[in-house]
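Shown next, in structure tokens, is the structure this report addresses.
The values are calculated or read from the model by the stated rules, or taken from the named source; none is laboratory data. Computed from a predicted model, the values in this text were never measured in an experiment. Here the Cβ positions follow ideal geometry from the backbone for every residue, glycine too, while neighbour counts run over all protein chains shown.
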């Protein structure tokens, strides 16, 4: 049953086109949203304050390009504190489109608005409404609480286990609701599964299932294949290890071309990219897209073409086949693979400060940990890292936290972060960058993070600061400890491919094909590959580009076997 909550609000601000926009939006969205249209700026502030006082969420604020002689971007600057999580949209009349291009570009770049759209051009302007739905969907998936009484999580407080479970369900796009063990629902669930259940508990009324401290394998098994279903002796044409953009790109193209394809991952589908709160520089998504939604769409594509998934189970080894298929090991299961794609990506490096590691799941998080962002409302947050993932995490957290400070060891962000993110950070009054700084200690009296010690790397001076949240995005650590020594890697643990492989492995003086490793039939793509660009678009491109090489290997192998 749905959880009763007040309707989210869509606020329309304008004068000349206000009434027409109210009519347009009510026709499509009045059943699920309250359309509010104050007439003057003082009334706008009063309405926004009133909605906040009654805790009615604001999903979208749509403002005319000009109102009372003032640009919409100036209006948003005045009301930003009232609508930190709402999507901010500027409505541009067609006659002002050309004049609006430069101002809107600058506002989008610095994050002061989320989108600009031409006013509807006819009675059924589906392009306009597709953009509105995208904005509302993005707000709903990243900000709003689930209104579906589906999966329930019962816990007795923050923990590393709880963070892992919430992040897994979030990234898989599985709606869920948190309940305290002492709540009515919590007591009901615990009474059903018995007094000895260890928290947290995941309960699904629809599946009539309750799992105590479930592993990733148990959670993944609710949706996708179990080991017995993929180890029936029939070989896969391609087994992909890793479900980030490279793996998903390969799965879509391989399955669409008729290859029997299996994807394996120890975590949820999407890899690090799936945790990104907003990717704005991916081709074809001018308004940006969250990593979770992007990888969900790719997953749906791969499934449509027949790819299989086994999620939540770590690959433990690879047995190289000589003159026969390879065997990928998942615990005690052997999966037969004519070809293997290593797309396992990278993990975040550990900070290595014992007091901080002890607080993981209790205010300290590795990665974006989008499931905890709402817990940071009106609090002070620190993000460690200077890459795009850190920038995306900071801008997302700023929608909730009172202040977000990015801590970096370098003097600035220019060498490690995309310019569009730097511009957005510079334009966000809630975000500051603190250069030449390292976290050296942290703690809290109640077992939850409350303070951090920060060292100035230039002076050595240590300052203690209040902190409710610490998000660590410390760069790339390759995840290929499961690979045999036959697969050559560089000194950092990244897989060597093509002309980068040792010359001793070349055949007839020629290096392996691009994306091919030192083992025939084993390929690598994405962040795990030495020399890769470490960007979402390039990783998905590599995943697609490796498939012709896979085809060529399969064809050559078939010819050899046929000749025998």
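Segment 189-253 holds strands (runs of 3 or more DSSP E) entirely within its bounds, and those carrying 3 or more residues that are touching a residue at least 12 places away in the same chain (Cβ under 8 Å) and outside the structural domain of residue 157 (by TED's automatic domain parsing) map to 236-241.
For segment 504-528, filtering for residues that are in contact with a strand residue (DSSP E or B) (Cβ under 9 Å, 6 or more places away or on another chain), under 18 Å from residue 485 (Cβ atoms) and not in a loop (DSSP other than H, G, I, E, B) leaves 5. I'd like to know if segment 528-541 contains one or more residues that are farther than 30 Å from residue 410 by Cα, surrounded by fewer than 19 Cβ atoms within 10 Å (Cβ to Cβ), assigned by TED's automatic domain parsing to the domain that holds residue 273 and out of contact with any helix residue (DSSP H, G or I) (no Cβ under 6 Å at 6 or more places or on another chain). The answer is yes; a qualifying residue exists. Please indicate, with yes or no, whether at least one residue in segment 73-81 is free of Cβ contacts under 8 Å to residues at least 12 places away in the same chain and not assigned by TED's automatic domain parsing to the domain that holds residue 286. Checked against the condition, which is being free of Cβ contacts under 8 Å to residues at least 12 places away in the same chain and not assigned by TED's automatic domain parsing to the domain that holds residue 286, segment 73-81 yields at least one hit. Considered as a group, the residues in segment 1-46 that are free of Cβ contacts under 8 Å to residues at least 24 places away in the same chain and touching a strand residue (DSSP E or B) at 6+ places or on another chain (Cβ under 8 Å) include one that is nearest to residue 63 (Cα to Cα), and that residue is 22. Just the residues that are in a loop (DSSP other than H, G, I, E, B), surrounded by 12 or more Cβ atoms within 10 Å (Cβ to Cβ) and either without any contact (Cβ under 8 Å) to a residue 12 or more places away in the chain or under 24 Å from the mean Cα position of the chain (by Cα) (or both), please, taken from segment 473-503. 473, 474, 475, 479, 480, 494 - these are the residues of segment 473-503 that are in a loop (DSSP other than H, G, I, E, B), surrounded by 12 or more Cβ atoms within 10 Å (Cβ to Cβ) and either without any contact (Cβ under 8 Å) to a residue 12 or more places away in the chain or under 24 Å from the mean Cα position of the chain (by Cα) (or both). Contact annotation: residue pairs with Cβ atoms under 8 Å, 6 or more positions apart or on different chains, pairing a residue in segment 91-103 that is more than 15 Å from residue 128 (Cα to Cα) with a partner that is surrounded by 11 or more Cβ atoms within 10 Å (Cβ to Cβ), are 96/65; 96/66; 100/65; 100/90; 100/92; 100/116; 103/71; 103/73. Of the candidates 312, 321, the single residue that is modelled with pLDDT under 95, buried (at least 16 other Cβ atoms within 10 Å of the Cβ) and farther than 17 Å from residue 272 by Cβ is 321. Evaluate the following for residue 96: is it modelled with pLDDT under 85, surrounded by fewer than 17 Cβ atoms within 10 Å (Cβ to Cβ) and either more than 25 Å from residue 398 (Cβ to Cβ) or in the same structural domain as residue 280 (by TED's automatic domain parsing) (or both)? It is true that residue 96 is modelled with pLDDT under 85, surrounded by fewer than 17 Cβ atoms within 10 Å (Cβ to Cβ) and either more than 25 Å from residue 398 (Cβ to Cβ) or in the same structural domain as residue 280 (by TED's automatic domain parsing) (or both). All conditions but one from (1) in contact (Cβ under 8 Å) with a residue 60 or more places away in the chain; (2) assigned to a loop (DSSP other than H, G, I, E, B); (3) more than 30 Å from residue 80 (Cα to Cα) apply to residue 174; the one that does not is (1).
At least 3 residues being under 20 Å from the mean Cα position of the chain (by Cα), more than 30 Å from residue 133 (Cα to Cα) and in the same structural domain as residue 541 (by TED's automatic domain parsing) is the threshold, and among the strands (runs of 3 or more DSSP E) wholly inside segment 255-329 those reaching it are 261-265.
Counting residues in segment 119-130 that are over 23 Å from residue 397 (Cα atoms), part of a helix (DSSP H, G or I) and in contact (Cβ under 8 Å) with a residue 24 or more places away in the chain gives one or more. Taking the conditions exactly as written (surrounded by fewer than 14 Cβ atoms within 10 Å (Cβ to Cβ) and modelled with pLDDT under 95), does residue 412 satisfy them or not? Here the answer is yes, as residue 412 does meet what is asked. Among the residues making up segment 278-301, those that are in contact with a helix residue (DSSP H, G or I) (Cβ under 7 Å, 6 or more places away or on another chain) and farther than 18 Å from residue 174 by Cβ are 278, 279, 280, 281, 282, 283, 287, 301. Screening residue 381 against (1) at pLDDT 95 or above; (2) under 26 Å from residue 281 (Cβ atoms); (3) in a loop (DSSP other than H, G, I, E, B) leaves a single unmet condition, (3). Among the residues of segment 436-446, not a single one is within 24 Å of the chain's Cα centre (by Cα), at pLDDT 95 or above and crowded, with 16+ Cβ neighbours inside 10 Å. Reported count of residues in segment 47-57, each being part of a helix (DSSP H, G or I) and either in contact with a helix residue (DSSP H, G or I) (Cβ under 7 Å, 6 or more places away or on another chain) or in contact (Cβ under 8 Å) with a residue 60 or more places away in the chain (or both), is 3. Inspect segment 159-170 for any residue being part of a loop (DSSP other than H, G, I, E, B), more than 27 Å from residue 248 (Cβ to Cβ) and in contact (Cβ under 8 Å) with a residue 40 or more places away in the chain and give the result as yes or no. Checked segment 159-170: at least one residue is part of a loop (DSSP other than H, G, I, E, B), more than 27 Å from residue 248 (Cβ to Cβ) and in contact (Cβ under 8 Å) with a residue 40 or more places away in the chain. When you scan segment 270-287, do you find a residue that is within 30 Å of residue 189 (Cβ to Cβ) and modelled with pLDDT of 90 or more, even just one? Yes, the conditions are met somewhere in segment 270-287.
On inspection, residue 123 does not qualify as buried (at least 18 other Cβ atoms within 10 Å of the Cβ), farther than 25 Å from residue 86 by Cα and either in the same structural domain as residue 57 (by TED's automatic domain parsing) or touching a strand residue (DSSP E or B) at 6+ places or on another chain (Cβ under 8 Å) (or both).
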